[in-house]
Amino acid sequence: RSDRYLINKMYKSDDNRVTVYIGGKHAKKVLNTIKKETEISNKGLVIYTITNDPQKNTEGDTFKSVITDLKERNIDTLFYKDEIKNEITAHIDSFFNNREIYRKRNITFKTGILLYGEPGTGKTSLANALASKYGLNIVLVSMTSFDKLDVQTLTSCFNADDLTYLCLLEDIDTLYNINREDEAADKDDKKVINKLLQFLDSNTSPDNVIFVATTNYIDKLDDALLREGRFGKKFYIGPITEAEAIKMCKSFDCDD
C-alpha cells in the first residue's frame, strides 16, 4: 500500500510510538520518503496528489502520492456573489453539525459539492479556500489516471485516521465524455464511470470526506453523477460582475 497509508496508521495509534522495520534493497528510499512526508504533514495543511503508480500500466493496489504544502487562502480574498460563498459555507457548517446523526444511523459521513462554470472563474481557488477555512488537508485525485487507481485501496487510506479530508476532483468532465445510457459508448468508458460512482456513493466510499469536483462543462457529465448522494450541492461559478470587481479593487486599496 502507499507510504501515506502507513503514516496514517502510525498517527492513529494511541501513543503515537510505533517501531517500523523496513527491509529490502529500497529500504533507504522508503525510509527517506516516510521521513519527508511526516515532516511536511507536521507543518500545516497539505495537498496529497494521487496518481497511479508509474511503474504499473494496469490497475493495482498501489499508487503514487506526492505531498506539497497547501498555500492557505482566506475565503474573504475571493470575490463571487456573496450568496454563493454563504450557501457553500452554510452547507458545510450543517454537514459538520450533523455528524452525530450520521454516526447514530451508521451512514457514511460524506457530502459532495460540484462547482461548474467557465474556465478561470476561481473554482479551484474556492476549493483551496474552503480547505483553509475548515482546516482540512486536500486529497487531489488525478482524473487522468483515475481509471488505473484501485478504489478500495484509495478508500482505505482516507479511512486510516479520524481526520476529515477535502477530496478534490478537478475537471471531472475530462474523465469521460459519454453517458452510460449511450448504447454506442465503449464498455471500458462505462466501466470508468461506474468506478467513479462507486468511489463517490457506495459501500466502499471513503468516510469523513467532503468531495469537491470542478468542471467547465456540466452538460458533459453523466446524469447518474448529478443525482443526490453524489453531488447534492451544485454551484455555478461564473465570470466576475462589476460589483465584485469593485470590491476586489477596493481590497487592494485602489482609488476610484
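The values are calculated or read from the model by the stated rules, or taken from the named source; none is laboratory data. Just so it is clear, the model here is predicted, and its values are computed rather than measured. Methodologically, a virtual Cβ is constructed for each residue, glycine included, from the backbone with ideal geometry; neighbour enumeration extends over all protein chains shown. Ligands, DNA and RNA are stripped out before the accessible areas are found, and what is left, the full protein with its side chains, is counted by its heavy atoms. Shrake-Rupley method; radii C 1.70, N 1.55, O 1.52, S 1.80 Å.
Scan the range 128-158 for residues that are aromatic (Phe, Trp, Tyr) and surrounded by fewer than 20 Cβ atoms within 10 Å (Cβ to Cβ) and the total you get is 1.
Whenever a residue of the range 137-149 is within 26 Å of Glu72 (Cα to Cα), its partners that are open to solvent by 10 Å² or more (accessible area, probe 1.4 Å) and charged (D, E, K, R), lying with C-beta atoms within less than 7 angstrom and at least six residues away or across chains, give the pairs Leu140/Glu170; Met143/Glu170; Met143/Asp171.
Being open to solvent by less than 80 Å² (accessible area, probe 1.4 Å), among the charged types (D, E, K, R) and at pLDDT 85 or above: is that true of Arg230 here? Yes, satisfied. No other residue among Ile113, Ile92 is touching a strand residue (DSSP E or B) at 6+ places or on another chain (Cβ under 9 Å), in contact (Cβ under 8 Å) with a residue 12 or more places away in the chain and assigned to a helix (DSSP H, G or I) apart from Ile92.
The residues on offer are Phe252, Phe235, and the sole one that is under 20 Å from Leu126 (Cβ atoms) and either modelled with pLDDT under 90 or open to solvent by 70 Å² or more (accessible area, probe 1.4 Å) (or both) is Phe252. Has the range 209-217 got any residue that is open to solvent by 10 Å² or more (accessible area, probe 1.4 Å) and closer than 15 Å to Tyr116 by Cβ? Yes: one or more hits.
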